[in-house]
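The values are calculated or read from the model by the stated rules, or taken from the named source; none is laboratory data. All of these numbers come straight from a predicted model, not from anything done at the bench. We place every Cβ from the backbone using ideal geometry, glycine too, and count neighbours over all the protein chains shown.
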Amino acid sequence: MFFLIPFVCGINHYDKEYDNNPNHKSIYCPNCHNFSVRPIKRREFVSLWWVPIVPLYWGKQLHCPICNWRQDFKNDEQLQKILVEQNNIKTGAPPKYS
Ligand SMILES: [Zn+2]
């Protein structure tokens, strides 16, 4: 007997909420100028039959759901630094370089 089994493979990605901090819900997007960017945990896999097999990307990103802009960040400290810069944009204060 002969079975033809199609192999369905592709790239799947899983985005998860980074945390529930309300300060992280309205970050400025430099691309579309909305305050809708959120930090997310993103994982990308090469998958076969929707089963993730080979990880391609595993990390944290800032993501804008409106224009799909993304930027990687490494850790909480870097996120806090971005938030301080964001606050300067909101309040119109000149950027401080130290
Ligand atoms: Zn955007």
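Only one of these is of a type outside the set (Ser, Thr, Tyr), in contact with a Lys or Arg (Cβ under 6 Å, 6 or more places away or on another chain) and on the phi < 0 side of the Ramachandran plot: Asp19, Asp76, Asp15, Asp72. Name it. Exactly one residue qualifies, and that residue is Asp15. What about Pro52, is it surrounded by 14 or more Cβ atoms within 10 Å (Cβ to Cβ), touching a residue at least 40 places away in the same chain (Cβ under 8 Å), under 13 Å from the mean Cα position of the chain (by Cα) and not in a loop (DSSP other than H, G, I, E, B)? No, not satisfied. Of all residues in segment 71-93, those that are touching a residue at least 24 places away in the same chain (Cβ under 8 Å) and closer than 12 Å to Ile27 by Cα total 6. For segment 28-49, taking the residues that are closer than 28 Å to Ile89 by Cβ and either away from the ligand (no atom under 16 Å from the Cβ) or of a type in the set (Lys, Arg) (or both), the one that is surrounded by the fewest Cβ atoms within 10 Å (Cβ to Cβ) is identified as Lys41. Determine whether segment 61-73 contains at least one residue that is at pLDDT 90 or above, away from the ligand (no atom under 11 Å from the Cβ) and β-branched (Val, Ile, Thr). Taking every residue of segment 61-73 in turn, none turns out to be at pLDDT 90 or above, away from the ligand (no atom under 11 Å from the Cβ) and β-branched (Val, Ile, Thr). Can you pull out the residues in segment 11-33 that are within 15 Å of Leu62 (Cα to Cα), polar (S, T, N, Q), touching a Phe, Trp or Tyr at 6+ places or on another chain (Cβ under 8 Å) and touching a residue at least 12 places away in the same chain (Cβ under 8 Å)? Residue satisfying the conditions is Asn31 alone. Residue by residue through segment 47-81, note down the ones that are hydrophobic (A, V, I, L, M, F, W, C) and touching a Cys at 6+ places or on another chain (Cβ under 8 Å). Within segment 47-81, Leu48, Trp49, Cys64, Ile66, Cys67, Trp69 meet the criteria. Of everything listed in (1) in a loop (DSSP other than H, G, I, E, B); (2) away from the ligand (no atom under 16 Å from the Cβ), the single unmet condition for Asn87 is (1).
Among the numbered conditions (1) within 23 Å of Asn34 (Cβ to Cβ); (2) modelled with pLDDT of 90 or more, the only one that Val84 does not meet is (2). If you go through segment 18-27 and keep only what is within 16 Å of the ligand (Cβ to nearest atom) and either modelled with pLDDT of 90 or more or not in a loop (DSSP other than H, G, I, E, B) (or both), you end up with His24, Ile27.
Val8 falls short on exactly one of the conditions (1) crowded, with 16+ Cβ neighbours inside 10 Å; (2) touching a residue at least 40 places away in the same chain (Cβ under 8 Å), and that condition is (1).
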